[in-house]
Each structure stands twice: as structure tokens, then as C-alpha cells.
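Asker: Below are the C-alpha cells for one structure; questions will follow.
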Amino acid sequence: MNSDSVDLDTVLADWLGSKGESPLQAVVVLGPDPFGTAHERQVLAVRPQSMAIAARTLAASADYGASWRESGAPLAAWQSLARHDDAAPTSWRAQWLAHGLHSVVRVELPLPAGRAFECFMFTQRELTDRGEAAQLVWSALNVWPLLQRAIAVQRSTLSPRERECLVLAFQGLTARESAQQLHCTERTVNYHLANAMAKLKVDNKLAAIQRACWLGVI
């Protein structure tokens, strides 16, 4: 994969690969709504686009939500969709099954304050052992740094300088220390931090850092 590319569609296309080269037929990435409750999730990426409605149904469900994360469940899970008890026609599992997809592997990438990014990988195969699921988990972990970067580029309204100042604050630097590193004045750093807080709709630096994490920009 070209590490210089941050185009989301390109990253997803490279991840799924050409027909016959990858067991994946569909991918969904969910992330927290930075302006919503802990239970609200958004669809950040989906491929193919024909699965957009099924992806939104998954995001709106309680499955693998905040309460699931609080249960001490593993960060990676795999499941046969057809064998699950939830067979309601309106369920997200039924929607994916209707498109010929039989198994799902989910990988969670934790964030501060109990939020998380979630990668759902769907395949037409009935996965029969952990080795097959582990390969998909490994593929998600490998692609995630580039995928997160692509999602951040698409979602964030922060300027490069605003993001830079938040990253330095996240690392524990004061405005004065950040100014020294960025070769600017302390007033300039505080100006960028104030702009970032306004864009992220918070009134303090810690909350801005947290929401920037939820967006994937730091």
C-alpha cells in the first residue's frame, strides 16, 4: 500500500484487494460521535458503498457498543452471522446475510473515556477456526495507521497548526514549551488552541484533546 496516499477510498480499495486476492468482501469502520453520548457511533468508512444502509443499521445497534466494552470482552471477536440468535429481518446481521456475507470479524481500537474505533470485516466464507479470523485481525492492525490518517483528513476541520498545538499539549507541553518547539510566540500557540477548542465545541484544552482523539487527528 502506498503510504503517501491518504485518500480514504484508495486505502479501503487497497485493503480489500482485487477479487480472489483477499477473503474480505466488505469493510465498515465505526467511530464515536465526538459531539454525542458514549453510546452514539458514526459510520466513518464503508466499502462497498452499496452496504451503506447496512452499515448505518450496525452503527445504530447496541451490539459491541459502550456497554459491551465495559464487560471486559476481548478487543477482537469473530462470529458466524447465520448462527446468531438475532434473526429479525430488520437486524444488521440479516441485512449483511441478505448480501451473501456470512462471517464478521471485529477489531476494536480503544480511545480515551471509553470510546473506540471499530473495524468490521465481512466475508462470504464461514470462518471455521481462529487462524482465519486472526489473519483478518492482523490485516486490520496493519492498515489501521494509514486508515486512521485518511479518516482524520476527511473528518477534521482543524488546521495543521491547530492540530500541531493539540498534539504538543497531548504530550504534556505547556504553551510556552510548545512555542519554543514551534518557533513562535506563546500567544500564537494559545491562539491556535483557542481556535481548536471553538471548532471542537469545548471550553478547555483537555476536552479539546479528548475530542481530537475521538476524531482520530491525534
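Asker: Through the Karplus equation 6.51 cos²θ - 1.76 cosθ + 1.60, θ set to phi - 60°, convert the phi angles of the stretch 195-204 into ³J(HN,Hα) values in whole Hz; use x for Gly and Pro.
Answerer: 5, 5, 4, 5, 5, 8, 6, 9, 10, 8
Asker: Continuing with this model, one more query. Hey, can you grab everything whose amide H is under 5 Å from the amide H of Gln124? Only 5+ residues off in sequence or another chain; H modelled, so Pro and N-termini drop out.
Answerer: Distant-sequence amide H within range of Gln124: Gln25, His102.
Asker: For the stretch 29-84, what does the accessible surface come to per residue with a 1.4 Å probe? Please give it in Å².
Answerer: In whole numbers, the stretch 29-84 has 51 Å² accessible per residue.
Asker: Another question, then. Just to check I understand the Karplus step: with θ = phi - 60° and J = 6.51 cos²θ - 1.76 cosθ + 1.60, what whole-Hz values come out for the stretch 107-114, glycine and proline as x?
Answerer: Running phi through 6.51 cos²θ - 1.76 cosθ + 1.60 with θ = phi - 60° gives 10, 9, 10, x, 10, x, 6, x Hz.
Asker: Another question, if that's okay. Can you give me the long-range amide H partners of Leu44? Hydrogens built in the peptide plane at 1.01 Å from N, cutoff under 5 Å, separation of 5 or more residues or another chain.
Answerer: Val29, Leu30, Gly31
Asker: Can you compute the label reach from Ser80? Point 7 Å from Cα along the Cβ direction, backbone N cut-off under 19 Å, restricted to the stretch 125-140.
Answerer: Residues 125-136 fall inside that zone.
Asker: Taking R0 as 30 Å, what FRET efficiency do you get between Thr10 and Ala62 from their Cβ-Cβ distance, rounded to the nearest 0.05?
Answerer: Here the calculated transfer efficiency is 0.35.
Asker: Another question, then. Kindly state, to the nearest 0.05, the FRET efficiency for Arg130 paired with Val167, given R0 = 45 Å and r defined as their beta-carbon distance.
Answerer: 0.75
Asker: Also: With each run of n ≥ 4 DSSP H residues scored as -39500 (n - 2.57), what mean residue ellipticity at 222 nm is computed for the chain after dividing by its residue count and rounding to the nearest 500 deg cm²/dmol?
Answerer: -13500 deg cm²/dmol
Asker: Going 7 Å from the Cα of Ala198 in the Cα-to-Cβ direction, what parts of the stretch 165-179 have a backbone nitrogen less than 18 Å from that spot?
Answerer: Within reach of a label on Ala198, which here means backbone N under 18 Å from a point 7 Å along Cα→Cβ, the stretch 165-179 contributes 165-166.
The values are calculated or read from the model by the stated rules, or taken from the named source; none is laboratory data. These numbers come from a predicted model, not from an experiment. Methodologically, a virtual Cβ is constructed for each residue, glycine included, from the backbone with ideal geometry; neighbour enumeration extends over all protein chains shown. Note: accessible area is taken over every heavy atom of the protein model, side chains too, but ligands, DNA and RNA are not part of it. Shrake-Rupley method; radii C 1.70, N 1.55, O 1.52, S 1.80 Å.
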